[in-house]
1. Does ILE235 qualify as being surrounded by 17 or more Cβ atoms within 10 Å (Cβ to Cβ), within 14 Å of ASN106 (Cα to Cα) and β-branched (Val, Ile, Thr)?
2. Being touching a residue at least 40 places away in the same chain (Cβ under 8 Å) and among the basic types (Lys, Arg) is true for just one of LYS151, LYS127, LYS194, LYS164. Which residue is that?
3. Consider segment 126-161. How many of its residues are in contact with a Pro (Cβ under 9 Å, 6 or more places away or on another chain) and closer than 19 Å to ALA107 by Cβ?
4. Based on this model, can you work out whether ILE77 counts as within 16 Å of ligand 2 (Cβ to nearest atom), touching a strand residue (DSSP E or B) at 6+ places or on another chain (Cβ under 8 Å) and of a type outside the set (Asp, Glu)?
5. Starting from residues that are within 13 Å of the chain's Cα centre (by Cα) and of a type in the set (Asp, Glu), keep the ones in segment 145-187 and report whichever is nearest to SER55 (Cα to Cα).
6. For segment 123-167, give me each residue that is among the hydrophobic types (A, V, I, L, M, F, W, C) and either surrounded by fewer than 17 Cβ atoms within 10 Å (Cβ to Cβ) or in a loop (DSSP other than H, G, I, E, B) (or both).
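Taken together, the values in this text are just the output of simple stated rules run on the coordinates, not laboratory data. Predicted model, so just to flag it, every value in this text is computed and none were measured. Every residue, glycine as well, gets a Cβ built from its backbone with ideal geometry; the counts of neighbours run over all protein chains shown.
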Amino acid sequence: MKTESNISPTTKNLESGNEVLSIKNVFKSFGDNHVLSGLNLTLHKKENLVVLGRSGSGKSVLIKCVIGLIPIESGIIKVFGNDVTSLTRKQLDEMRTKVGFVFQGNALYDSMTVKENLEFALKRLVKNISRKNIEMLVDEMLENVSLPLTKNIMPAELSGGMKKRIGLARTLIMKPEIMLYDEPTTGLDPVTSKEISNLILNIQDKYQTSSMIITHDISCAKITSNKIITLINGINYAEGSYEELTRSEDPLVKAFFK
Ligand SMILES: Nc1ncnc2c1ncn2[C@@H]1O[C@H](COP(=O)(O)OP(=O)(O)O)[C@@H](O)[C@H]1O
Ligand SMILES: [Mg+2]
């Protein structure tokens with residue numbers, strides 16, 4: 001695969017059935033700080049996979065490795081069957097249009113209205129898209145996140161929960177096949193966290209996306225997950241459904257449920 005020059009990172013390159021993302025034996029350190037130490041995980045089509053890890057456990061590093069923002073030391077990360085490290089710049093850009101990244105801090109453009117934030121990637125990445133299509137997509141996305149009347153509002157005027165919703169809508173507008181969420185509920189009150197978690201579920205259902213949700217929020221994990229992987233000491237320490245993990249006798253796993 002590495003020798004082919006014309007790989008299009010699409011689902012047709014899937015190796016085994018319904019794997020959209022596979023991470024095999026990945027290592028990543030910063031000096032003496034060994035963050036990922038042989039991590040393995042697989043995200044299947046239409047799955048909501050939660051990676052549960054404490055603060056500083058390497059969750060953001062992991063997500064950045066997946067989209068090629070941080071180089072890994074060893075191991076293999078495949079997205080739609082293609083080795084991320086072997087993609088050319090162009091192929092990486094193409095892959096990124098199919099992999100939506102919802103940043104921990106929303107990363108909205110403060111000087112743009114909500115509508116301009118939502119349109120930004122469409123205008124830049126989708127060739128020859130009509131005004132009317134952009135308008136329709138913006139409306140559809142604002143409808144999805146239950147904020148239909150916010151088009152002309154500036155991000156500074158939005159509450160924390162609304163910013164998360166707009167951040168989500170801005171990623172979803174590209175209709176990605178994979179959604180990567182970095183701490184989608186951090187900094188929100190419990191009620192708003194629950195709303196955002198349910199929204200993640202609704203979006204998965206409506207657009208049939210595959211999602212990797214990276215969090216330390218156990219209630220978000222409970223609501224959103226089909227499967228949970230605990231990221232402890234740089235590895236996929238324990239895996240299972242929420243119910244299975246609640247029954248674990250391992251102290252490191254139990255610590256999440258306290
Ligand atoms: N660019 C970087 N350079 C050096 N160390 C980093 C860098 N990014 C993250 N780290 C370190 O990697 C570890 C994991 O960070 P991170 O993935 O952000 O944790 P979290 O699980 O809270 O998202 C931390 O110890 C952090 O200091
Ligand atoms: Mg983080």
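1. Here the answer is no, as ILE235 does not meet what is asked.
2. LYS164 is the lone residue from the list that is touching a residue at least 40 places away in the same chain (Cβ under 8 Å) and among the basic types (Lys, Arg).
3. Counting residues in segment 126-161 that are in contact with a Pro (Cβ under 9 Å, 6 or more places away or on another chain) and closer than 19 Å to ALA107 by Cβ gives 1.
4. So ILE77 does not fit the description; no.
5. GLU183
6. If the condition is that a residue be among the hydrophobic types (A, V, I, L, M, F, W, C) and either surrounded by fewer than 17 Cβ atoms within 10 Å (Cβ to Cβ) or in a loop (DSSP other than H, G, I, E, B) (or both), then LEU125, VAL126, ILE129, MET136, VAL145, LEU147, LEU149, ILE153, MET154, ALA156, LEU158 are the ones that fit.
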